[in-house]
1. Is there any pair with a first residue in region B:3-26 that is surrounded by fewer than 20 Cβ atoms within 10 Å (Cβ to Cβ) and a second that is among the hydrophobic types (A, V, I, L, M, F, W, C) and not in a strand (DSSP E or B) whose Cβ atoms are under 8 Å apart and which are 6 or more apart or on different chains, and what are they?
2. Could you please give the count of residues in region A:131-166 that are closer than 20 Å to residue C:84 by Cα and assigned to a loop (DSSP other than H, G, I, E, B)?
3. Please work out which one of (1) within 26 Å of residue E:40 (Cα to Cα); (2) within 14 Å of chain D (Cβ to nearest Cβ); (3) without any contact (Cβ under 8 Å) to a residue 60 or more places away in the chain; (4) not polar (S, T, N, Q) is the condition residue A:202 fails and give its number.
4. Return the residues of region D:145-191 that are touching a Ser or Thr at 6+ places or on another chain (Cβ under 9 Å), away from ligand 3 (no atom under 16 Å from the Cβ) and farther than 15 Å from residue D:99 by Cα; say none if nothing qualifies.
5. Does region D:200-218 include one or more residues that are more than 15 Å from the chain's Cα centre (by Cα), in a helix (DSSP H, G or I) and within 16 Å of ligand 3 (Cβ to nearest atom)?
6. Cβ-Cβ distance below 7 Å, separation of 6 or more or different chains: which pairs start in region B:82-97 with a residue that is surrounded by fewer than 20 Cβ atoms within 10 Å (Cβ to Cβ) and end on one that is of a type in the set (Lys, Arg) and not in a helix (DSSP H, G or I)?
7. Checking the condition within 14 Å of chain B (Cβ to nearest Cβ) and either within 16 Å of ligand 4 (Cβ to nearest atom) or not in a helix (DSSP H, G or I) (or both), which residue from D:166, D:181 passes?
8. Would you point out which residue out of C:117, C:133 is under 19 Å from residue C:334 (Cα atoms) and touching a strand residue (DSSP E or B) at 6+ places or on another chain (Cβ under 6 Å)?
Amino acid sequence: MSREARITLLVLVALVAGAAVAFGAPHVLSDYFVRIILLIALNAILVLALSLSNGFTGVFSLGHVGFIGAGAYISGILSIPVQQKMALLPHLPGFLHAFSLPFLPATLVAGVLTALLAVVVGYPLMRLSGYFVSVATMGFLIIVNVVLINASDFTRGARTFTGVPLETTLPWVMGWLAITVFVLARLVYSPFGRAMKAVRDDTIAASAVGIGVLRTRLIAFVIGAFFSGVGGSLYAHYLGSFSPNTFYFALTMSLITMLVLGGMGSLTGAVVGVICVSLLSEVLRSVERGFTIGDFAVPALFGASQIVLGFIFILVMIFRPKGIMGDRELTFGSTQRSATVNQTEERKR
Amino acid sequence: MLSVENLEVNFGAVRALKGISLDVHAGEVVALVGANGAGKSTTLRTISGLSRPRGGRIIFDGKPIGGVAPSRIVSLGIAQSPEGRRLFGGLTVADNLRLGACTRTDKDAILRDSERMFMLFPILKQRLKQLAGTLSGGEQQQLALARALMAAPRLLLLDEPSLGVAPLLVRHIFSALAELKRQGMTMLLVEQNITLALDLADRAYVLRTGQVALSGRSAELRDSERVAQAYLGAAT
Amino acid sequence: ADTIKIGYPANLTGIQASLDGPMLNGAKLAASEINAAGGVLGQQIELVIYDSKSDSTTISTVASQLIDSDKVVGIIGFADSDSVLAIGPQVQTAQIPFITPGATSPKLPSQLGNEIFLAAFGDNVQAAVGAEFALNKLNGKTAYLLTDIGTEYTTLLSDYFVTAYEHGGGKILERDTYKIGDKTFTAQIAKLKALSPQPDFVYASSNAEEIGLILKQMRQAGINLPVVGGDGYDTPLLIQVGGDAAKDTYFTTHAYIGEGATPKVQAFIDAYTKSVGNAPENAFAALGYDSVKLMADAIERAGAPDPAKIRDALAATSGLDGVTGTITYRPGISVPDKSVSVIGVKDGKLVLASEAAPTFVAEP
Amino acid sequence: MDRQSSRVLLRTVGLTKAFRGLVALRDHSIELHEREIIGVIGPNGSGKSTLFNLITGFSQPNSGSIEMEGRSIVGLRTSQIVAMGIARTFQGSRLFGSLSVAQNVLTAAQLRHPVGAADTVLRGRRYRERVAATRQKADELLDLMGLTDQAGRVAADLPYGDQRRLEIARALATGPQLLLLDEPAAGLDSNETKVLAALIRTIRDRYGVTVVVVEHDMDLIMALCERIQVLATGEVICVGTPEQVREHPKVREAYLGHA
Amino acid sequence: MTQLDYILQQIVNAVSLGSLYALVAVGLSIVFGVLKLTNFAHGDVMMVGAFGVALLVGIGVPFPVAVICGIAAAAAAGFLIERIAYRPIRDAPDVARLLTSLAVTYIIENVGILVFTSSPRNFPLPDILNTSWEMSNGAITFTSINLLTIALTFVSLLLLGWFITRTTTGLGMRAAAEDMSAAHLVGLNVNRLIIVAFIVASAYAGLAGILWAAQAGVVQPQMGFTPLLKAFVAAIIGGFGSIAGALVGGYILGALEIFIVAFLPSSVSSYRDAIVFAVLIAFLLVRPGGLLQPNREIKL
Ligand SMILES: Nc1ncnc2c1ncn2[C@@H]1O[C@H](COP(=O)(O)OP(=O)(O)OP(=O)(O)O)[C@@H](O)[C@H]1O
Ligand SMILES: Nc1ncnc2c1ncn2[C@@H]1O[C@H](COP(=O)(O)OP(=O)(O)OP(=O)(O)O)[C@@H](O)[C@H]1O
Ligand SMILES: [Mg+2]
Ligand SMILES: [Mg+2]
């Protein structure tokens, strides 16, 4: 089977399985497990969006959570019911008061506006490389946070933004996840995907074969931002209430952890990373509450789950420095090498 | 002085060296030639301790040095001018030279040696403050050689010292090497320019796909049909 | 079931941990006292504790665990409004009564619904008491307002203070801001020092970590104005970090936990010290304690461990005598009318400066 | 070949480049004609690589002009210059180390068969045609360079000689009219060098490109080039046929030595 | 109070804040300089130093002794982190090492919370360090701890500058940063260099942590995050891995933070962090390699 065909087949099977889970799970599983699945799918969208620039283009962004936050607030503002808007956001400009959007259009608008924001932000920032682009994008995250805190007419400032209808259900998230995987898989395994990896490997050589480095990075950044914005909207409608600090460093770190652990150069790796980290931390969170084995009682040690997770991360990195999947995609029966992240000692200069 | 016995090195599934044996006696220049990918650089890297041998032994001055830390090996007296030059590109020419001598403590001798380097490679003296990474290709090659010499080694490993160097300078470098040889320096030389290599060397080994295909005194090998065959693998 | 399960999600790690930790200790103390005294309705009560890690997403997961898997009859939790807002919708949908010991935003019940109860007074109340105290006792007609814009509590408190203070005829001369986590306030202080005329006092809406430091840097810069604030000050850090600089500082809080406290409070301090190993870190310990008592009282009066009945009983709470004051819910209002203590610092010790209910309270 | 009548492809006039006081290239002028193979030689540090960097837009000249088919290309971005038909290799290779050999070439070949973002996601007929065209071009070049057997290997793991050939294949895949090769034979053994010379000629004949070779291997240069320009310390010291250059006293003094 | 006094006071404030940032940034830069690793655990090593002092003074150890022990504890912590967590993955991709350092942070902080709870504790400071000094009739004030911070920053950075540029070990560190295997090849003992770098950087972190806690008045297991962030920014402004750059970056950051609050109306200054980063990004766009890094032309 050719790689193309295998990937297409993988996507199809994933779609069917996803649909089965999306519509089946709520009937079979308890609310708790449905929520875990939903969160895994939601985080998968966010991590995939992140992988486009961080994993495939080599622009290690620390700012994507800024887009998630922007998406959450934009769609939140758009979709709070009109009656509540008056009470919650009395200083909103008039035209925003007049209407409220249903979930899907609000999410699309959030995605598009966030992508536009990414164009504006990315145009200067994507010129930078290496650590500089990381710190600059982190600066963007901080700027978003400060603006969210200060633009209190729109965001209620540091006060919790609340009143967003709870509309994020499992089918919605699975649907968006399917779209994300589909679009990303097609982008990554295409001429454009090759251009991204070329830019990651060597910007100079990339421009020498006619690839516009800035353009390639910008496109990856903007598409990632779109899905981040969408994910932000899903988050907003999942939580119902949130504050600027919901979309800040803690979320950044956890998404990056999932991405790196899963494998930066692989779409399925990103998903695997999300699943592993989420399940592991759920299990550990229950274990740390203390348990008894026979007569032996282990007391509650809150915080122990983070410690154990930390050790597990280190162990994974020692034994699989490129993450669980590395740069391979999970396909049928065999793993497919898509692109190695260059790390032979020879090339480390 | 140096004796390599049955050396094997693998890179993952690639068997780069499949059991190489060679000897270098004190005061001797030995050339290592062979087609691209034959394993010449890998041999030198392994002697310097940068690659771990999977099998075989490396003996220097009667002591086994396989698996010894590279910095120890330099202190024992083996320096290398490596393939790809591996300069410290962000440091100046002067700093690169200083680092070449970092295993030594004899200040005066170091000073004398650096004067000698400036005699050998005058361009370096003019460019002391320039960052090594911005030197032209050939200038970098000269610096790499000088850096290795600054360690005052007893055994000098040279990986293609003429690579990217202009013809006039190639001759210059090889006459410098000949001078060093006269002064008693032991060298193991990897070189694509067989004529030059055999002119300088006392003996030579021809490698092919990770094995010694042929060896002998330079004079015997020169103009020998067998070398070309060994290169091309026509013999097999 | 042989025990009555009460859910207790707590942010034991992450940024909220320094408040939720002591609060949990207080809650556990109350639970063990109740159980030692025979429990509720003849059954033991059990606190089902989860660490929600100061993270909204984890809170929502924990909520579904508590409601779906553990089948708790009521939930107690959190010192901050963020977390309450995160859990609120689920609690409301499942119709499980919920008490927040520490969140003080008076808007919570109206934002979330009728299952939500506050154990503490609202920020509008304490801000009003602070404003009236400054106007009447300190004779402070002009104020300088310093606000931590990084948290809901401090922003809200500032807003309520301004409303009450200006209503009472005071004038805000100047405002400035900082963000939680800042360690240097010298720039703001120099700005204050350059004000002419100087204000009569400073209202600093701050969290525990910063206030000691603000005071210290202010006094070091030679500013000796009185400083007034809210229950965020109420930790030992105020005096430990502030030292001498804490003089002439006043704050509104839930209970006076110090030397010469009421016997009830003193008994709590002793019991807490015995079970935890140190004196209560802050008033949140007492609030955690009171909340469990509040829930237990409601369950007892409901007559059965049934969430709907418990909610109704809770709403009818009247005159419950807690460590942090007397809790009564007026009909339809889930924020208790509690008296507010104003505590002042004198000779390095906390003293009760006044105890009052405000005459004017800003709308939530 | 009658040079006078053939068209000038690229012309530099008065090109000067200095790095903080150090003049790497001074007042350089050359005319490159269509389908020509020109050698640029000179001692180390004489400005050969600098010349390539200027032409391909990796650095900007202090003064002087570069014209490609009459249009100035000074100030354009590298990717634009490549799109106009100038490709190069690097001294010391710069491959996409993590990509396979085939992908290295495909990455370059797709320049002439671009697909938009929408096409990429929807993958209609146009997309498939262009991808097929790209692949065909890449296969052809891999075959020409004798790399077909290695197509699946990761570029970083290739033996040196193959890396050099791959780099030429990649440059060619951008569909250039002008191909700049910076020391293509460095590190190759004598057999491979001979093969390379034949290859370069084949490339010129088959694709009609102009080739500029910078190289220190005189056998290669003399055998291959129709015209040679010699630089020393940034200045042009002579231009001519291999025979003229070989006998030129200045060249012997500065570069070849009196052997 | 005159306008001039006000400006001078704000300059004093900026210098003392900048010194603190510089000190943290330098430690971060040393490790980055050798390993190309953004060591998230640097903030936690600061915490170890500060906590050590708080605990020791708590059991009656004299303050100066406690400080020395605190710095030693920080150095030891750095050493252990390198040996246990970083060495096994030294050749791994950058992101793997980044994640490892994040994991180390999780571990240290949460162990700290388990053992000490996350409630802040008082950081005891002797009175002499708490005294304040006045100039211009009390219009300009500063404290002993400010002065000490500035002085220590200068002295220790001079020492470090000498160490990095003048000693072979220092040169070796820069060389190892450039090309690890070439460093092996010239005979540098890279393991030893890295350990030295970690110990030096961690001792700096310890000192910085103590000074930070002295300014903040409290210690807490999570106290390392904010300084880490500031240091990261400061180090980048100056050009990551450069000691002088970290120093300059620290002062620029300190000055920006103070001056924005000091000279802009509070409605604008509440955007402080946003302005700081906007300026930073502008910096980076003009000088993509950091402030002290001249815009070098690439050599191909
Ligand atoms: N890091 C590596 N990873 C994988 N394979 C390698 C690596 N280094 C070398 N090889 C392989 O080992 C073999 C020997 O390589 P080596 O570099 O020693 O050859 P060489 O004789 O020096 O060739 P050249 O003349 O081209 O420099 C080659 O097939 C090469 O592809
Ligand atoms: N970015 C730079 N900064 C400073 N000096 C530079 C830079 N690039 C090149 N140089 C200097 O300019 C001169 C010309 O360099 P160039 O690389 O063009 O030489 P070359 O002719 O290609 O030499 P070689 O045959 O050795 O490759 C050299 O002396 C080099 O040191
Ligand atoms: Mg080699
Ligand atoms: Mg060159």
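The values are calculated or read from the model by the stated rules, or taken from the named source; none is laboratory data. Keep in mind the model is a prediction, meaning the values are calculated, not measured. Note that each Cβ is placed from the backbone with ideal geometry, even for glycine, and that neighbours are counted across all protein chains shown.
1. Once the first residue is surrounded by fewer than 20 Cβ atoms within 10 Å (Cβ to Cβ) and sits in region B:3-26, its partners that are among the hydrophobic types (A, V, I, L, M, F, W, C) and not in a strand (DSSP E or B) give B:25/B:1; B:26/B:1.
2. Initial filter on region A:131-166 (closer than 20 Å to residue C:84 by Cα): A:149, A:155-166.
Retained after the next criterion (residues that are assigned to a loop (DSSP other than H, G, I, E, B)): A:156-160, A:162-166.
Of the residues in region A:131-166, 10 are closer than 20 Å to residue C:84 by Cα and assigned to a loop (DSSP other than H, G, I, E, B).
3. Answer for residue A:202: the failing condition is (1).
4. D:168, D:171, D:173, D:176, D:177, D:178, D:179, D:180, D:181, D:182, D:184 - these are the residues of region D:145-191 that are touching a Ser or Thr at 6+ places or on another chain (Cβ under 9 Å), away from ligand 3 (no atom under 16 Å from the Cβ) and farther than 15 Å from residue D:99 by Cα.
5. no
6. Filtered contacts from region B:82-97: B:92/B:129; B:94/B:129.
7. Result of the check over D:166, D:181: D:181.
8. Going through C:117, C:133 in turn, just one is under 19 Å from residue C:334 (Cα atoms) and touching a strand residue (DSSP E or B) at 6+ places or on another chain (Cβ under 6 Å): C:117.
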